[in-house]
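Just so it is clear, none of the values below were taken in a lab; they were calculated from the coordinates. Keep in mind the model is a prediction, meaning the values are calculated, not measured. Using ideal geometry, Cβ is built from the backbone for each residue, glycine included, and neighbour counts are taken over all protein chains shown.
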Amino acid sequence: TLTILSGNPIYTLILNGFAGFYEQMALFYFSEPSPRAHSRQFYSDMHTCAQQADADTARTIVQNMMAASRRLWQEQTEPLTSLRR
């Protein structure tokens, strides 16, 4: 895996320790169609950038996707956080 290839054993331990948690969060996040569609578009766009060796556009795509993911996560979790109030 990438964590092993990174040469940082702590990174591997951290990710392995949270594997179940990450899986639960991913199942929740991708249970809605919108995050799945955003993800498909992201990987399609990144594939195009890789084929064209366009690092600048790839950086912009990643930044935009991070912002969109945060927004989508907030939209999905808002009903849950309002229950705590």
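Listing for the model above:
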{"quantity": "Yes/no for THR48 being of a type in the set (Val, Ile, Thr) and either surrounded by 12 or more Cβ atoms within 10 Å (Cβ to Cβ) or in contact with a His (Cβ under 8 Å, 6 or more places away or on another chain) (or both)", "calculated": "yes"}
{"quantity": "Qualifying positions in segment 1-35 - loosely packed, with under 10 Cβ neighbours inside 10 Å and of a type in the set (Phe, Trp, Tyr)", "calculated": "PHE21"}
